[in-house]
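Here's the structure, in structure tokens; my notes come after.
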Amino acid sequence: MPNSLYVSSPVNALVQGILREDKTLAQILTHGDFGLGTFNDLDGEMVLVDGIFYQLKSDGSVDKATLSGCSPYACVTHFESNASISLHGLSNYGDLQNTISKHMLSQNLIYAIRVEGVFSNIHARSVPKQHCYRSLVDVAGDQVEFNFESIAGQLVGYWTPDFMGSVTVPGFHLHFLSEDKLHGGHLLGCTIESGKLWLQSIDQLTLDLPHSTEYLEAELIKDTFSALNKAEH
Ligand SMILES: [Zn+2]
């Protein structure tokens, strides 16, 4: 389906510690060539670029992910954007967010976001592989943060409205992948020397609901919004 965001499983399941689903990357790839997410047991951050999945590991290194691997949460889309916006001298992530927001038609749509550029600094994180049934907030305590200086690469991700907060990570969610595909992580901060921004507004959502026993039996009643603000931002 063109111009639709595909979500492989609602994020509230991940927030409550269901860190494993049986959705393969090959299945997810049928819904888009661009996106982000994570892997079973939170074994690193995921970025999908030009139809290739990369696994951003907790030491900041990157592997290509195998299509037979599974994900408990992934957001993908068929990325299409013709007009780019030039970026110069953005001193922090807040400046980038403000610039992106200015080009959004409305805060009530979904946006796929791609930034290519040269970054004086990238502050990112990833998470080491977990044992199941730890809440995302507990897992966040294990996250490993790192900085990359003077690095070329791209940011890949989404902006989704707060009201979708039990389905996707609300607000901005971006992952970094270096141009040489050797470094990456979940974006926490950045300084951009120069770059280009592409935005795609999206007005449809395709949500898969898992059928794992853990999911079917879970009571998904917690306040995911505050938990995600702690764990993801
Ligand atoms: Zn992330």
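All of the numbers you see were taken from the coordinates with simple rules; none came from a lab. All of these numbers come straight from a predicted model, not from anything done at the bench. Glycine also receives a Cβ, built like all others from the backbone with ideal geometry; neighbour counts cover every protein chain displayed.
Quick rundown of the values:
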| quantity | calculated |
| --- | --- |
| Part-to-part distance (alpha-carbon centres) for the stretch 18-67 and the stretch 107-160, which is given in Å | 13 |
| Net charge contributed by nearby residues that have their C-beta within less than 15 Å of Arg134 (K/R +1, D/E -1) | -1 |
| Two-decimal Rg/Rh across the stretch 146-217, once Rg and the Kirkwood Rh are taken from alpha-carbon atoms | 1.07 |
| Extension gain, Leu67 back to Lys222 (0.36 nm per residue minus Cα-Cα distance, nm) | 52.6 nm |
| Filter on Lys57/Lys222; Lys23/Lys57; Lys129/Lys222; Lys23/Lys129; Lys57/Lys181 - keep pairs with C-alpha separation over 22 Å | Lys57/Lys222; Lys129/Lys222 |
| 5 angstrom amide H check on Leu36, placed H, neighbours 5+ away | Leu48, Cys75 |
| For the stretch 5-232, diffusion coefficient by Stokes-Einstein and Kirkwood Rh (Cα), 10 °C, 1.306 mPa s, µm²/s | 92 |
| Phe53 long-range amide H proximity, modeled H, under 5 Å | Ala65 |
| Surface/4 of the Cα convex hull for the stretch 37-148, nm² | 8.6 |
| Gain on full stretching of the segment that runs from Ser212 to Phe163 - 0.36 nm per residue minus C-alpha separation | 15.1 nm |
| Net charge of Cβ neighbours under 15 Å - reference Val76; Lys, Arg +1; Asp, Glu -1 | -4 |
